[in-house]
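Inspection log for the structure reproduced underneath, given as structure tokens.
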Amino acid sequence: MKKLICMMMTIGLLSACSGKTEKGAADDFTYSVDRFADLEVLRYRVPAFESLAPRQKELVYYLTEAALQGRDILFDQNGKWNLAIRRTLEAVYTQYEGDRSGADFRELEKYLKQVWFANGIHHHYSTDKFTPGFSREFFEAAVRSVPAESLPLRTDGDVERLLADICPVIFNPDTLAKRVNQEAGADLIATSAGNFYDGVTQAEAEAFYAAQKTPGDTTPVSYGLNSRLVKRNGRLQEEVCRVGGRYGEAIEKIVYWLDKAAGVAESDRQRRVIETLADYYRTGDLKTFDDYSILWVGDTSRIDFVNGFIEVYGDPIGLKGSWESLVNFKDLEASHRTEIISANAQWFEQHSPTDTAYKKEEVKGVSAKVITAALLAGDCYPATPIGINLPNADWIRHLHGSKSVTIENITSAYDKAAQGNGFNEEFVWSDTERELIRRYGFLTDNLHTDLHECLGHGSGKLLPTTDPDALRSYGSTLEETRADLFALYFLADEKLIELGLLPDAEAYKAEYYRYMMNGLMTQLVRIEPGKDLEESHMRNRQLIARRVLEKGAADRTVEIRRRDGKSFVVINDYGRLRTLIGELLAEVQRIKSTGDYEAGKNLVESYGVKVDSALHAEVLRRYEGLDIKPYKGFVNPVYTPVFDSEGRIADVAVSYGEGYAEQMLRYARDYSPLPTYND
Ligand code: ZN
């Protein structure tokens, strides 16, 4: 299975760009909403929402309601105590009448904000458990002091029972320490705190799903995607997420709003897309989910959305989908860029440096567009991808194509929020590179995402005898590596100038420099001292950067140079760097196409995992001086329907004023249908 949400790191690299995407004059919109721990919360705008037709706005509104109703699902998937802990913290946060300006309460507030951000008690990116900065004594006294009816008590339980349940989970560092453990050798399910399995070993889960596969089935469903696998009385059984099943209370509400949305769909096809999705939610039938995905890929309506159990990063063995939703509409002007790329997909496939045996004879249905996010939810909120390529099922991608999007109002918000933060002054080698980034950075960064999403993931093919899961736990890192290499290789191709996508032969250098600096050095700001790289995209970036650094060492293609006690990436030969990228692309495509597990493992373990500790310490020290938060996320706009005299929705207003805690508490109040305990 592929895992295709990408999170390009835009941690301040675009700080000084030329503003070529700016629409309108001076921008007095406040992007930064809140800052705490290692996180910053931003706002994003939804340009052109007002220009949608009233019926389109009504459709967006229903889809946003369907999106918000699923929020609790992800909390529970991320850990079985998450809802109990979040609701307890919210009760203390809103009801506590003791010293609210004391250190303990302020630490509790910070912790709650982290839990909201991560949809649970583990960091959204590292998946390590948060360390509370308040004492257990304070917490227990605070919980006892608030009205019992505000607490999530079990029907047969009391406050002491609640404290006995959740305090060890919050305060004992060894209890459920990691949400997704990827460390080779361990039982990845037993050592991961996620709630996709209960009482099941990794070997049992793998055998359970292997037994469901029919040899020679060319259109397999995504086994296990929408369920929890549990062992009860010695027997393995699946709890399927559907109306009347697991998470039924939330799914019922999602279906209610989907039914409304179907009534105002933009086309007959889109109505069938929505109805088929609702049908899947009613039955939990994964075959219906595939039918839905096929319909969805072919739907070209302006308003679009994702709503379901989609990406499998949260499951250490990559089967279970985390719930997410993204409601969006096409940015007609910016989509012109991706339409050009899509129209030339076959040319790129033919000219890729991979072996002919691994190329697709015919690249089908690479549909690409630039979209405007209207609402983020579940696994897309508050931290969000900036590009998506779906569906994930290999055979659907092969036979029906995939839909690839770049979310430009989000990248634009990142960019605006990062202006003038000092990052490039600290880490970029000289004014030459800074000038490249200033002139071309925003453009080439977006183009990299477009190429990665609409060509990279869709390129190449497996040999008929290759098991799609052959690369196992290295599969997602290598898939991201492949897509990034494809994008990097063609960014430097004259074809992009010919197509009018890049202005000149200098532009790609901005992205090459940015990518190498990030992969070799600056992405380490997200890693705690002493830790390895674990997240697929971070591993992939370091893999590429380290490997080409090593391959080009003899003729100093790229080097890390020291100046005033600081390290800098210097690129001496951009042309040779492109050649090395092409060679690595050919090798990674071979690994993927043939399912060469050993070679894949070797690449990832040799270049993508271990961190240079001295360089890491230096980067952290320099970054700290800048006071930039390494992770960012977003609050959503607020959509308010305007009713006519007969009670029908005549219009939908959008506003941006809501704060972070304010939004989280509103969601907890209005969109929290699940019971606290879902064992
Ligand atoms: Zn990707």
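Evaluated against (1) within 16 Å of the ligand (Cβ to nearest atom); (2) in a loop (DSSP other than H, G, I, E, B), residue 554 falls short on exactly one condition, (1). Being among the charged types (D, E, K, R) and part of a strand (DSSP E or B), is that true of even one residue in the stretch 37-50? Yes: the stretch 37-50 contains one or more residues that are among the charged types (D, E, K, R) and part of a strand (DSSP E or B). Within the stretch 488-498, the set of residues being crowded, with 24+ Cβ neighbours inside 10 Å and either within 14 Å of the ligand (Cβ to nearest atom) or of a type in the set (Asp, Glu) (or both) comprises 488 only.
Counting residues that are over 25 Å from the mean Cα position of the chain (by Cα) and surrounded by 15 or more Cβ atoms within 10 Å (Cβ to Cβ), which strands (runs of 3 or more DSSP E) fully inside the stretch 631-679 reach at least 2? First the steps, then the outcome.
Details: elements: 631-635, 638-643, 649-655.
Result: 649-655.
Right, residue 546: more than 16 Å from residue 487 (Cα to Cα) and assigned to a loop (DSSP other than H, G, I, E, B) or not? In short, no. Taking the stretch 129-174 as the range and being out of contact with any Ser or Thr (no Cβ under 6 Å at 6 or more places or on another chain), part of a loop (DSSP other than H, G, I, E, B), of a type outside the set (A, V, I, L, M, F, W, C) and in contact (Cβ under 8 Å) with a residue 40 or more places away in the chain as the test, the residues that pass are 131, 147, 154, 173.
Could you run through the stretch 336-388 and say how many residues are closer than 21 Å to residue 408 by Cα and in a loop (DSSP other than H, G, I, E, B)? Residues that pass the stated criteria total 8. List the number of the failed condition for residue 473; all other conditions in (1) of a type in the set (Ser, Thr, Tyr); (2) surrounded by fewer than 24 Cβ atoms within 10 Å (Cβ to Cβ); (3) in contact with a Ser or Thr (Cβ under 6 Å, 6 or more places away or on another chain) hold. Single failed check for residue 473: (3). Report yes if residue 605 is over 18 Å from residue 428 (Cβ atoms), crowded, with 19+ Cβ neighbours inside 10 Å and out of contact with any Cys (no Cβ under 6 Å at 6 or more places or on another chain), otherwise no. Judged against the criteria, residue 605 is not a match. For the stretch 272-324, a tally of residues being in contact with a Gly (Cβ under 7 Å, 6 or more places away or on another chain), β-branched (Val, Ile, Thr) and under 21 Å from residue 74 (Cα atoms) returns 2. Can you name the residue in the stretch 380-398 that is more than 14 Å from the ligand (Cβ to nearest atom) and in contact with a Pro (Cβ under 9 Å, 6 or more places away or on another chain) and is also nearest to residue 304 (Cα to Cα) among such residues? Among residues in the stretch 380-398 that are more than 14 Å from the ligand (Cβ to nearest atom) and in contact with a Pro (Cβ under 9 Å, 6 or more places away or on another chain), the one nearest to residue 304 (Cα to Cα) is 393.
Mind checking whether some residue in the stretch 500-509 is within 17 Å of residue 443 (Cα to Cα), touching a helix residue (DSSP H, G or I) at 6+ places or on another chain (Cβ under 8 Å) and within 15 Å of the ligand (Cβ to nearest atom)? Within the stretch 500-509 (the criterion being within 17 Å of residue 443 (Cα to Cα), touching a helix residue (DSSP H, G or I) at 6+ places or on another chain (Cβ under 8 Å) and within 15 Å of the ligand (Cβ to nearest atom)), the answer is no, since none of the residues qualifies. Quick one: would you say residue 406 is within 20 Å of the chain's Cα centre (by Cα) and not in a strand (DSSP E or B)? Spelling it out, it is not the case that residue 406 is within 20 Å of the chain's Cα centre (by Cα) and not in a strand (DSSP E or B). Listed by first and then second residue, the pairs linking a residue in the stretch 505-522 that is under 25 Å from residue 495 (Cα atoms) to a residue that is small (Gly, Ala, Ser) and assigned to a helix (DSSP H, G or I), with Cβ atoms under 8 Å apart and 6 or more places separating them unless they lie on different chains, are 510/441; 511/441; 514/441; 515/545; 516/545.
Of note, residue 116 satisfies the criterion of being surrounded by 15 or more Cβ atoms within 10 Å (Cβ to Cβ) and under 22 Å from the mean Cα position of the chain (by Cα). For the stretch 54-71, the condition holds for no residue, the condition being that it is among the aliphatic types (A, V, I, L, M), in contact with a helix residue (DSSP H, G or I) (Cβ under 9 Å, 6 or more places away or on another chain) and not in a helix (DSSP H, G or I). In summary, residue 309 fulfils each of the numbered conditions (1) touching a Cys at 6+ places or on another chain (Cβ under 7 Å); (2) assigned to a loop (DSSP other than H, G, I, E, B) with the single exception of condition (2).
Per-residue answers, yes or no, for (1) within 16 Å of the ligand (Cβ to nearest atom); (2) in a loop (DSSP other than H, G, I, E, B); (3) buried (at least 24 other Cβ atoms within 10 Å of the Cβ):
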site: 443; (1), (2), (3): no, no, no
site: 452; (1), (2), (3): yes, no, yes
site: 460; (1), (2), (3): yes, yes, no
site: 463; (1), (2), (3): no, yes, no
site: 469; (1), (2), (3): no, yes, no
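Entry remark, the stretch 295-317: residues being of a type in the set (A, V, I, L, M) and without any contact (Cβ under 8 Å) to a residue 60 or more places away in the chain number 1 in total.
Bear in mind that the values in this text are calculations on the coordinates, not laboratory data. All of these numbers come straight from a predicted model, not from anything done at the bench. Ideal geometry is used to build each Cβ from the backbone, glycine not excepted, and the neighbour counts take in all protein chains shown.
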